[in-house]
Amino acid sequence: MRGQMKKTDTFFVIHNFNTVPEELLGFCENYVIYDASTEKKTRDELERKGYPYIPIENTGHNITTYFRYFADNYDKLPEYMCLCKGNMLGRHCSKEYFGRVYDNKYFTFLYEDKDIFAKLKQQGIMSGEGEPVECLVSESHYLEENTSWYVESPNHPHRYFDEYNSMLTFIYKKPVIPKYNVFSPGACYIVSRGQVKKHTPEFYRNMNKIMNYGLDPSFPSEAHHVERMLPVIFGESYEENEWMNDEALFDRKIEERIPLIQFQDSIRGKRMKKLRKLEYKLKKGIGL
């Protein structure tokens, strides 16, 4: 950007963790900072610089912050909102890219990684044709095969859903089950009030219950599902299941998921144990 930068009237909803988002704030006229920092010096610096903030618990991710803002401010939402993280610039997109899109008045993915192909190749995530399995389909749209691979991580436990598809059908009636998901890694977007108000405050509160039940050791893998589902939530017109707009009914329905997932996990554990035994036999030539 050259010369004096024009500040946008788009309202910034900033999830902040152990950083002072001074550079980000230079782009906007109005904002709210939800600060989940665990370092006292961060809040001391925010106060010293005169940046007001709302202290919140650290859920390990930023989506619960956005949904909380939607539910708490439903009747006074700004016309356009930039949903972002305090450390977004340089991590999820460059300052140069953001400088081209920050004043957009339409749904915008705030993600950019020009080196993604080289990174995927280095990690060995390639197809038989030597092309990346996961890739960009445009400058800012990231495409990933819908396999829920992240559920296997011991760092991200799951309580209610062990795959993207089951969560999608729990939330919506008869949604299209995608082969691929297109989303913004990091969950940063520019959205309109109309997009947000496609759903009720109860919907957003219920969504937060799905992915905010503790850090053990890190945030639940359900948050990864929702990260990939945000373009659906903001952009599609599926009919919600009735419990998504009724907190009491939702509480009963979501609890029914726990024994189901526990059973599925026990079956998966037995299956993986058998596969490991088979792999061992194949390596040793036992029973062949």
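The values are calculated or read from the model by the stated rules, or taken from the named source; none is laboratory data. Just so we're clear, the structure is a prediction, and the values are computed from it rather than from any experiment. Here Cβ is always computed from backbone atoms with ideal geometry, including for glycine, and neighbour counts include all displayed protein chains.
Being surrounded by fewer than 22 Cβ atoms within 10 Å (Cβ to Cβ), of a type outside the set (Ser, Thr, Tyr), within 24 Å of residue 87 (Cβ to Cβ) and without any contact (Cβ under 8 Å) to a residue 12 or more places away in the chain is a description that applies to residue 214. Each residue in the stretch 163-182 was checked for being in a loop (DSSP other than H, G, I, E, B) and either on the phi < 0 side of the Ramachandran plot or among the aromatic types (Phe, Trp, Tyr) (or both), and 7 of them qualify. Does residue 266 meet the test of being of a type in the set (Gly, Ala, Ser) and modelled with pLDDT of 95 or more? No, not satisfied.
Conditions first: (1) under 21 Å from residue 226 (Cα atoms); (2) free of Cβ contacts under 8 Å to residues at least 12 places away in the same chain. Residue 62 passes all but one, so which condition is the exception? Tallying (1) under 21 Å from residue 226 (Cα atoms); (2) free of Cβ contacts under 8 Å to residues at least 12 places away in the same chain, residue 62 fails exactly one: (2). Of the residues examined, residue 236 is one that is touching a residue at least 12 places away in the same chain (Cβ under 8 Å), loosely packed, with under 15 Cβ neighbours inside 10 Å and within 26 Å of residue 92 (Cβ to Cβ).
Among the residues of the stretch 183-192, the one identified as among the small types (Gly, Ala, Ser) and not in a loop (DSSP other than H, G, I, E, B) is 192.
Which ranges mark the helices (runs of 4 or more DSSP H) fully within the stretch 1-117 that have 1 or more residues being of a type in the set (S, T, N, Q) and crowded, with 18+ Cβ neighbours inside 10 Å?
40-48, 63-72
Being in contact (Cβ under 8 Å) with a residue 40 or more places away in the chain and touching an Asp or Glu at 6+ places or on another chain (Cβ under 8 Å) is the requirement here; does residue 220 meet it? No; evaluated as a whole, the condition is false for this residue. Of the residues making up the stretch 232-246, those that are under 13 Å from residue 63 (Cβ atoms) and touching a strand residue (DSSP E or B) at 6+ places or on another chain (Cβ under 7 Å) number 1. When the criteria are applied in full, residue 139 fails the requirement of being modelled with pLDDT of 95 or more, on the phi < 0 side of the Ramachandran plot and not in a strand (DSSP E or B).
Is one or more of the residues making up the stretch 246-258 under 18 Å from the mean Cα position of the chain (by Cα), surrounded by fewer than 20 Cβ atoms within 10 Å (Cβ to Cβ) and not in a strand (DSSP E or B)? Before the answer, list the steps.
As a first pass, look at the stretch 246-258 and keep what is under 18 Å from the mean Cα position of the chain (by Cα): none.
The answer is no; no qualifying residue exists.
The set of residues from the stretch 148-168 being surrounded by fewer than 16 Cβ atoms within 10 Å (Cβ to Cβ) and either among the hydroxyl-bearing types (Ser, Thr, Tyr) or more than 21 Å from residue 219 (Cα to Cα) (or both) comprises just one member, 153. Here residue 24 meets the list (1) without any contact (Cβ under 8 Å) to a residue 60 or more places away in the chain; (2) touching a strand residue (DSSP E or B) at 6+ places or on another chain (Cβ under 8 Å); (3) not charged (D, E, K, R) almost entirely, failing just condition (1).
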